Amino acid sequence: MTATDTEPPAGAAPTPGAARRPVLAAYAVLTTIGALFFLGSFAYPWTNPEDGTVGAAALPRVAGLLLLLVGLGLIRQEFRTGSILEGDGHVTEEAEHTPEETRAIRRTLVLVIAVMVLTALLIPILGMLPALALMTLYVTAFVEKLRWPVALATSAGVLVVSYLLFTVVLRVPLPLGLFDPAVWSTL
């Protein structure tokens, strides 16, 4: 028996196999979302006609195109070589989690999705940037269980970087919610 006829040693990475349907489905969802954002962006102008600044179509068109291309690349890779993720053992379901751990993971996933929906509902009230900063604070403090100073710094960093990127650099008009001066001027 030669060395090539033996099984790989324990702990060695498995060899690539056939494409897995759950992985292909996840990549297809990413590709579809990218395509929808890309195609939907054509309903908006690339530049603002008044001053020539970046228009509403720029971000969804570029991000959608990138997500579409990455998704197609991942689908191609999955069909050609299959995917091997570290620790997944090239199986569709991990057997390493106990049923209690699996329930906790699913609860966390549902909770994060609920927080994202709540954030979307808070945008008209608080504005885009404060709502995203609060979501970041919640996820870092309660889901990722980071220490409060780190979670607060991360949330503040998201707020500052988002403000600089969208408001200062791109001059994108974001929803301001209660922080809109027009709201206070009517009182």
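What does the net charge come to around L137 if you take all other residues with beta carbon closer than 15 Å to its beta carbon, with K and R at +1 and D and E at -1? Before the final figure, lay out each step's value.
Working: positive: K145, R147; negative: E144.
So the surrounding residues net to +1.
With a probe of 1.4 Å, find how much accessible area the range 94-187 has per residue, and write the answer as a whole number in Å².
73 Å²
Within the set of other residues whose C-beta is less than 11 Å from the C-beta of V54, count the net charge using Lys and Arg as +1 and Asp and Glu as -1. Let's see the in-between values first.
Details: positive: R61, R171; negative: D51.
Result for the neighbourhood of V54: +1.
Rounded, prolate or oblate: which fits the range 141-187, taking a ≥ b ≥ c as square roots of the Cα gyration tensor eigenvalues, rounded meaning a/c under 1.5, else prolate when a/b beats b/c? It would help to have the intermediate numbers written out before the result.
On the way: a/c = 3.67, a/b = 1.77, b/c = 2.08.
Here the range 141-187 falls in the oblate category.
Might you work out the accessible area of E101 for me, using a 1.4 Å probe with all protein chains in place, and round it to the nearest 10 Å²?
80 Å²
Could you compute the net charge surrounding A151? Neighbours are other residues with a C-beta less than 11 Å from the C-beta of A151; K and R count +1, D and E count -1. Provide the component values of the computation, followed by the final result.
Details: positive: K145, R147; negative: E144.
Neighbourhood net charge equals +1.
The values are calculated or read from the model by the stated rules, or taken from the named source; none is laboratory data. Note that the structure is predicted; figures quoted are calculated from it, not measured. Every residue, glycine as well, gets a Cβ built from its backbone with ideal geometry; the counts of neighbours run over all protein chains shown. Keep in mind that these areas ignore ligands, DNA and RNA; they rest on the heavy atoms of the full protein, side chains included. Shrake-Rupley method; radii C 1.70, N 1.55, O 1.52, S 1.80 Å.
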